[in-house]
1. Go through (1) modelled with pLDDT of 95 or more; (2) over 15 Å from the mean Cα position of the chain (by Cα) and name the single condition Ser230 misses.
2. Check Phe113 against each of (1) under 30 Å from Gly239 (Cβ atoms); (2) under 15 Å from the mean Cα position of the chain (by Cα) and name the one condition it does not meet.
3. Of (1) at pLDDT 95 or above; (2) out of contact with any Phe, Trp or Tyr (no Cβ under 9 Å at 6 or more places or on another chain), Pro161 satisfies all except one. Which?
4. Which pairs have Cβ atoms under 6 Å, sit 6 or more apart or on different chains, and link a residue in region 283-305 that is polar (S, T, N, Q) to one that is not in a loop (DSSP other than H, G, I, E, B)?
5. Can you find a residue that is β-branched (Val, Ile, Thr) and not in a helix (DSSP H, G or I) anywhere in region 234-253?
Amino acid sequence: MNLLFIADPLEHFKIYKDTTFAMMREAAARGHRLWTCEPQHISWRSGGRVTAQAQAVTLTGEAERWWQAEPARPLALAEVDAVLMRKDPPFDSEYFYATHLLEQAEREGARVFNSPRSLRDHPEKLAVMEFPEHVTPTLVTRDAGEVRRFHAEHGEIILKPLDGMGGMGIFRVGPDGLNLGSIIETLNRHGASTLMVQRFIPEIVAGDKRVLIIGGEPVPFVLARIPQGSEVRGNLAAGGKGVAQPLDPVDRATATAIGRVLAPRGLLLIGLDIIGDRVTEINVTSPTCFQEIQQQTGFDVARTFVDALEGAAAAPR
């Protein structure tokens, strides 16, 4: 198959842990041809098809210069067997516009994973609100008064921006409410921006578990991202320690229930964040942790993913 990866610049990849690289390596090992581009390389001319200035890429097996690329050329997205949207957040206006171009490419015959419509319809913080039975008490608002009332009700809370990633902009406020007003002003920009507030989950000390769902089925291992020192965030980007663990029965049931709802919407790969037994986020843009799980358990997540990708790309429309 010809596979087009829409991603961040290849020179920014940390291949010892990058999930997109793991996907590419597994696909190349099976003989699939790899193409890459960035979102800004996609265009659509009236009367024509959605096209990317894409490079055919060969993996070298080396640690430093790990790829070789042919000169970029126009490639209609409908010409390849599968398009993988792997651009990291933030989900800003340009990302939003890219999903519209990708949806047009789908109308022209392209197979895009994850579905661009579902990427738009499932913002990673807000998507949890569809599943209240699995979520800690949560509030989405831009109103400072509502945040204060939520804090008064629950005592200890977490506040976060809707467009953050990697633990960016997450605050914990205790029962004393210290700095709550300043934090609200920072996150909601004096009422101009919406934020999310959740009841603090003390089980964070055991880790923020990344549970992967591929083709609607949970991966049998998770990566628990454990906060270090006085840090409340377990995100690896915030210094958390990643420890792979078997998927427990409670989290398996949660992931199975959510996967059965979301996978039919074109979400081939989903990453749940679970603290204790509560889902805190549903990641659909570029879920990670493939390599950390494989390195610690031997379970080849990339192989499972490419199996699912091949099946989805070949399935009748």
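1. If we test Ser230 against (1) modelled with pLDDT of 95 or more; (2) over 15 Å from the mean Cα position of the chain (by Cα), just (1) comes out false.
2. Here Phe113 clears every test but (1).
3. With respect to (1) at pLDDT 95 or above; (2) out of contact with any Phe, Trp or Tyr (no Cβ under 9 Å at 6 or more places or on another chain), Pro161 is out only on (1).
4. Asn283/Gly271; Thr288/Thr19; Gln291/Ala22; Gln294/Val301; Gln296/Ala244; Thr297/Phe221; Thr297/Ala244; Thr304/Ile214
5. Going residue by residue through region 234-253, those that are β-branched (Val, Ile, Thr) are 243, 250.
Narrowing further to those that are not in a helix (DSSP H, G or I): 243.
Yes: region 234-253 contains one or more residues that are β-branched (Val, Ile, Thr) and not in a helix (DSSP H, G or I).
The values are calculated or read from the model by the stated rules, or taken from the named source; none is laboratory data. Not measured: the values here are computed from a predicted model. A quick note on method: Cβ atoms are made from the backbone with ideal geometry, for glycine too, and the neighbour counts reach across all protein chains shown.
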